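The structure under discussion appears below in the form of C-alpha cells.
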Amino acid sequence: MNHVPSAFHVDGTKHLHFHQPQLELKIGASYNYFTNRNLALLGDKILNIWQYFRGIAVSKSITAILFVFRPGKDTDRATLNSCTGWVKHMGRFHESRTYEFVLDTYLSKGNTEVILLDARKQPLLKLNQESPTGKINLDATKKYYLRWEFKSATGRCELRWQAA
C-alpha cells in the first residue's frame, strides 16, 4: 500500500495525515490544515510585505460609505462618499529635481488636503482646495510620503506630479 501525505503543517510539530480509501491514520494529538481562507490570508500578508518594501503599500484610517484609492507612478486618484480619515503611502520620485504638484478636487461637500512628508514625517508641502498647486525640490535618494486627509468628503480627487 502506498500512503501519500495529504497536508503539511506549520506549527513546528510532526503530524502526519494519510488518506487511503477506507483508511485514515492520524499521528499526534492535533493537526492543522491549510484552508483556502488561511492561504488567502497568508497571500495577503506576503503581498502587503512586498508592497511595503517596494514603496507602494498604503496605510489608512478611513470611515466612509465609499472609498476607492488608487496610488500611481505619477498620479493618485480617490473616489469618495462621506469619507473622513487619512491615507498615507510612500512617494516614489526617481530623479533629484524640482517637482510640480497639482491637486484637482471635484467635491460636492467636505474637504481634502494632501501633505508631502519627509522620512521623519515632517510636512514639506500642503495642498488643498484653496492652495491646489506647489513646487518643491526633492532628492531621489531620500524617502517621501504622501498623506491624504479627508473631512466628510464626497466626490473625486486627483493629485498629479511631474518634474518641472
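Nothing in this text is a laboratory measurement; each read-out follows from the coordinates by a stated rule. The structure displayed is predicted, hence computed values, not measured ones. Quick reminder, even Gly has a Cβ in these numbers, built from the backbone with ideal geometry, and neighbours come from all protein chains shown.
Want the number for Ile136 to His94: 0.36 nm per residue separation, take away the alpha-carbon distance, what's left?
Working: separation 42, 0.36 × 42 = 15.12 nm, distance 1.43 nm.
My answer for the length gained is 13.7 nm.
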Item to check | Packing rank of 121-127, 83-89, where each peptide gets the mean count of other beta carbons within 10 Å, highest leading | outcome: 83-89, 121-127
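Give me Rg over Rh for segment 117-164, both radii from the alpha carbons and Rh done the Kirkwood way, two decimal places. It would help to have the intermediate numbers written out before the result.
Numbers: Rg = 12.3 Å, Rh = 12.6 Å.
Across segment 117-164, the Cα-based Rg/Rh ratio is 0.97.
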Next on the checklist: With θ taken as phi - 60° and the coefficients 6.51, -1.76 and 1.60, list the Karplus ³J(HN,Hα) couplings across segment 67-77 in order, rounded to whole Hz; mark glycine and proline as x.
Outcome noted: 8, 10, 10, 10, x, x, 5, 9, 8, 10, 10
Item to check | Local net charge near Ala163, Cβ-Cβ under 11 Å (Lys/Arg +1, Asp/Glu -1) | outcome: -1
Next on the checklist: Per residue of segment 121-137, what does 6.51 cos²θ - 1.76 cosθ + 1.60 with θ = phi - 60° give for ³J(HN,Hα)? Whole Hz please, x for Gly and Pro, Karplus curve as stated.
Outcome noted: 6, 8, x, 10, 8, 10, 10, 8, 5, 7, 10, x, 10, x, 10, 7, 7
Checklist outcome for this item: Expected sort for 101-114, 133-146 on mean C-beta neighbours within 10 Å, highest first, is 101-114, 133-146
Next on the checklist: Under 5 Å between amide hydrogens, which residues at least 5 positions from Lys143 or on another chain qualify, with H placed 1.01 Å from N in the peptide plane?
Outcome noted: Ala119
Next on the checklist: Through the Karplus equation 6.51 cos²θ - 1.76 cosθ + 1.60, θ set to phi - 60°, convert the phi angles of segment 110-115 into ³J(HN,Hα) values in whole Hz; use x for Gly and Pro.
Outcome noted: x, 9, 9, 9, 10, 10
